[in-house]
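In what follows, a structure is listed as structure tokens, so that the remarks can point back to it.
Here, each number is a calculation from the coordinates, and none is a lab measurement. Fair warning: this is a prediction, and the values are worked out from it, not measured in the lab. Because the Cβ atoms are built from the backbone with ideal geometry, glycine has one as well, and the counts that use them run over all protein chains shown.
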Amino acid sequence: MMKKVIALLGDYYHQEANISPALNHALLKLKNEGEQMEVEYIKAEQLTEKLQEHPDIVVLYKANRLNPTEEKPRYWMCEKLEEKICQYVKQGGSWFVWHSGLSSYENFKKYYEMVQGKFDFHPSEHQHVSYQPTGEVTTIRNQFSMVDEHYFVTCDESNTDVFLRAVSAKGNTVAGWTHAYGMGRVVCLTPAHNKEELVSNEMVDLLAKSLKLSYL
């Protein structure tokens, strides 16, 4: 059965054109493994309508704040949309939060409780980061390293299954986690930032395996 993927990618610091090739490669890898997948790239204003079509997975690589360099913040998510997103997952949808998709959503309480985590900060300079599977989710097995934004996050580890950690000279933090929410599932993944690292073989493999967690 064909799985429908909706992807909402790109923000002030992250260009959709750099992100979408990684997702395309990961979905192609899954297709080659026998999964039937199709993806549709959308804009934020289309999300409400697309949720009504009950996609199998929604991939979010987009910070909530639209104007991070300005003093007065503007956000693309609103309380009405927050409710629709949470309801979509409760009713059996899968919400895949990737990199900047963890940024600036903590003011939306229901959504934050659903995701069980948020972006806190990253060092100003990119780091040599080692991404290390924890063994708690057996489909993620391969450790690898890359020069990346080392995302430090808050994650409610007691209420989710951590499957990846990120370790650099700056410290050790959670980098991937998943849990059920109602009848649906949430998957969160923090790497990667640079165009080159996004399409690396190691990252594409990790992304494909993490996406698979969305429907296991």
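Once you reduce region 1-46 and region 91-118 to the center of their Cα atoms, the two points are 18 Å from each other.
Sorted ascending by nearby beta carbons within 10 Å, beginning with the fewest, W98, W177 become W98, W177.
Comparing L198, L27, L81 in a Gaussian network model of the chain (Cα springs below 10 Å), the most mobile by mean-square fluctuation is L81.
Extension gain, T48 to M183: 0.36 nm times the residue separation minus the Cα-Cα distance gives 46.6 nm. In units of the compact-protein estimate 2.2 N^0.38 Å, the chain shows a Cα radius of gyration of 0.94.
Suppose a student asked you for the relative contact order of the chain, using Cα pairs under 8 Å spaced at least 6 residues apart; what percent would you report?
21 percent
Compared with the rule-of-thumb size 2.2 N^0.38 Å for a compact globular protein, region 52-112 has a Cα radius of gyration ratio of 1.16. Taking 7 Å steps out from each Cα toward its Cβ at R141 and R74 produces label points 4.8 nm apart. Among beta bridges from DSSP that stay inside the chain, the antiparallel ones total about 60%. Among the listed pairs K109/K195; K3/K50; K4/K62; K3/K109; K43/K72, a Cα-Cα separation exceeding 26 Å is found for K109/K195; K3/K109. Take the Cα of L66, step 7 Å toward its Cβ, do the same at K110, and the gap between the two points is 2.2 nm. Based on Cα contacts under 8 Å between residues 6+ apart, region 1-122 shows a relative contact order of 27 percent. Taking only the C-alpha atoms of region 1-125, Rg followed by Dmax gives 14.9, 48 Å. For the pair Y12 and A169 in one chain, pulling the backbone fully straight at 0.36 nm per residue adds 53.8 nm over the alpha carbon distance.
Which residues make up the longest stretch of the chain clear of GluC sites (Glu not before Pro) that lie in a DSSP loop with no more than 14 other Cβ atoms within 10 Å, not counting the sites?
The longest uninterrupted stretch comes out as 137-216.
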